[in-house]
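Reviewing the structure listed below.
Since every read-out is calculated from the coordinates, none of them should be taken as a lab result. Remember, it's a predicted structure, so these values are computed and weren't measured experimentally. Reconstructed Cβ throughout: ideal geometry from the backbone, glycine too, with neighbour counts over all protein chains shown.
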Amino acid sequence: MAWRVVHRESPKKPGRRSRLWFCKDVFHVLKENTGTKFVEGMLLNSPPHEENLNDKAFSNMINLSFQPDNLVELIMPRSHIKQLPEGFGNLAKLRLMDLSDSQNLVKTPNFIRCPDLQRLIFRDYFFPAPCPEQDSINLPLPMSFGLSSLVSLDLSDCNLSDGALPDDLSCFSSLEVLKLNKNNFTSLPDSISQLSKLTCLHLENCTQLQSLPNLPLSVSVNVRGCTSLENYSDKVVQWNLPQ
């Protein structure tokens, strides 16, 4: 069989074989960073479970037929990663990144290397509360650059309080949908009103929200469950919002 032929290429070092078929070999290479230029392909068909992978695991596999440079969608909800591997440094074709509920995440990629990123999802990521000497928390993503193509941003249920969002949101010049459901802020940055392409603002169940910035009539706002909002009533809930 073909896998036996490949196995003979390097019986004791899977990272020096051209193909990796077995989970134990793939995980060995990705955990121990033993991949080499000889690896051209790998197959991983494993049930969901936790593995601690080396963040440099892809850096030496320069002939791997699948390269992160060609990624269009990166969907890793509930992952245990602290940051993406260094081999994911150039994500020029990436359009969707889903790292929702990735509770160990401490650092995200440099988004200036993701010029085509259109959808970014951090839903259910629990940002740590600020320390007593802090006025706000710092989001683990550089808000000031690299996100000009972003169309949809989901920061729902992320434990965000006042000051978590930057005052200047001009980097989101293409943003159409902003989801901030189930967070803890009492107000939003006034610069949201300057997002010229924004059409949908989701604020459902932000129970501490007291006021909204002046928004263009073209923006649909869902404030269902925002019971602290001044002059709150069901009439200010606008429906037919895209998911």
Query raised in the report: Using a cut-off of 17 Å between alpha-carbon atoms, which lysines can reach residue 31, once sequence neighbours fewer than 8 places away in the same chain are excluded?
Result: 12, 13, 56, 82
Report task. Pull up all non-local amide H partners of residue 220: gap of 5 or more, or a different chain, and H-to-H distance under 5 Å with H placed in the peptide plane. Result -> 200, 201
**Report entry** Principal semi-axes in Å for the stretch 69-112 [√(5λ), Cα gyration tensor, largest first]
**Finding:** 17, 12, 8
Query raised in the report: Rounded to the nearest 0.05, what FRET efficiency is calculated for residue 93 and residue 54 with R0 set to 30 Å and r the Cβ-Cβ distance?
Result: 0.80
Report task. Go through the stretch 4-19 residue by residue and turn each phi into a ³J(HN,Hα) via Karplus (6.51, -1.76, 1.60, θ = phi - 60°); whole Hz please, and just put x for glycine and proline. Result -> 5, 4, 5, 4, 6, 4, 7, x, 9, 10, x, x, 10, 9, 6, 9
Query - Under 22 Å from the Cα of residue 179 - lysines, other chains or at least 8 residues apart - result: 107, 197, 235
Report task. Please report 97, 76, 42 as a ranked list, fewest other C-beta atoms within 10 angstrom at the top and most at the bottom. Result -> 76, 42, 97
Report summary line: Short to long, in 10 Å steps from zero, the percent of alpha-carbon pairs of the stretch 1-66 per bin is 23, 58, 19, 0
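Full extension from residue 80 to residue 119: what is 0.36 nm times the residue separation minus their Cα-Cα distance, to one decimal in nm? Let's see the in-between values first.
Numbers: separation 39, 0.36 × 39 = 14.04 nm, distance 2.08 nm.
The residue 80-residue 119 span can extend by a further 12.0 nm.
Can you figure out the FRET efficiency of residue 2 with residue 44, using R₀ = 22 Å and their beta-carbon distance, to the nearest 0.05?
Working: r = 17 Å, r/R0 = 0.79.
Efficiency at R0 = 22 Å is approximately 0.80.
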Report task. Read phi for every residue in the stretch 22-28 and hand back ³J(HN,Hα) as whole Hz from Karplus 6.51 cos²θ - 1.76 cosθ + 1.60, θ = phi - 60°, with x for Gly and Pro. Result -> 9, 4, 5, 6, 4, 5, 4
Query raised in the report: Per-residue HN-Hα couplings for the stretch 163-177, Karplus 6.51 cos²θ - 1.76 cosθ + 1.60 at θ = phi - 60°, whole Hz, x for Gly and Pro?
Result: x, 5, 8, x, 5, 9, 10, 5, 5, 9, 5, 9, 5, 10, 10
